[in-house]
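One structure is given below, encoded as structure tokens.
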Amino acid sequence: QVQLAESGGGLVQDGGSLKLSCANSGRIFSMYAMGWFRQAPGKEREFVAAISRSGGDAAYADSVKGRFTISRDSAKNTVYLQMNSLKPEDTAVYYCAAAITIAAMTRRNAADAWGQGTLVTVSS
């Protein structure tokens, strides 16, 4: 199973930016679509963004469209989430995920592997 580890979370001001990274320690990173989910206190885990195996296609939740950008670097076995114009409502634990397809993540919140999560806190 692919093993994922997130980093880059922290405390930022309203309107600030953060870039999250997710490193894969497995050998077949290129076989997976990758995604990001988040879970705020008292809320269910929700889909944020996903990117295809090739990096040619991406999907975003309406709440982050235009503000967040997902990308991947196959040579480094790493997926990124660039978060701009952050709002207090973006505060959550962010989880990296790997799945066979983007659709599995967008339609069912399903993944074959999950990272441990990294906390993003946006203050006003």
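I'd like the residue in the stretch 72-88 that is out of contact with any strand residue (DSSP E or B) (no Cβ under 7 Å at 6 or more places or on another chain) and free of Cβ contacts under 8 Å to residues at least 60 places away in the same chain and, out of all such residues, is surrounded by the fewest Cβ atoms within 10 Å (Cβ to Cβ). Only one residue tops the list, namely A75. Would it be correct to say that L4 is more than 12 Å from D90 (Cα to Cα) and surrounded by 15 or more Cβ atoms within 10 Å (Cβ to Cβ)? Taking the combined requirement at face value, the residue satisfies it.
One residue stands out in the stretch 16-42 among those that are in a loop (DSSP other than H, G, I, E, B) and at pLDDT 95 or above: the one that is farthest from the chain's Cα centre (by Cα), namely G16. Residues of the stretch 56-71 that are assigned to a loop (DSSP other than H, G, I, E, B) and either crowded, with 16+ Cβ neighbours inside 10 Å or within 14 Å of the chain's Cα centre (by Cα) (or both): A61, S63, V64, K65, R67.
Does any residue of the stretch 98-110 turn out to be of a type in the set (V, I, T), outside any loop (DSSP other than H, G, I, E, B) and buried (at least 20 other Cβ atoms within 10 Å of the Cβ)? Quick ask: steps written out before the conclusion?
First, pick out the residues of the stretch 98-110 that are of a type in the set (V, I, T): 100-102, 106.
Now narrow it down to the ones that are outside any loop (DSSP other than H, G, I, E, B): 102, 106.
Narrowing further to those that are buried (at least 20 other Cβ atoms within 10 Å of the Cβ): 102.
Scanning the stretch 98-110, I find at least one residue that is of a type in the set (V, I, T), outside any loop (DSSP other than H, G, I, E, B) and buried (at least 20 other Cβ atoms within 10 Å of the Cβ), so the answer is yes.
Here is the figure for the stretch 12-68: residues that are more than 19 Å from R107 (Cα to Cα) and among the hydroxyl-bearing types (S, T, Y) total 5.
Taken over the stretch 56-86, residues that are hydroxyl-bearing (S, T, Y) and touching a Ser or Thr at 6+ places or on another chain (Cβ under 8 Å) amount to 4. crowded, with 19+ Cβ neighbours inside 10 Å and of a type in the set (S, T, N, Q) - does that describe any residue in the stretch 23-40? Within the stretch 23-40, one or more residues are crowded, with 19+ Cβ neighbours inside 10 Å and of a type in the set (S, T, N, Q).
The values are calculated or read from the model by the stated rules, or taken from the named source; none is laboratory data. Everything numeric here is computed off the predicted structure, so don't read it as measured data. Positions of Cβ are backbone-derived with ideal geometry, glycine not excepted, and every protein chain shown enters the neighbour counts.
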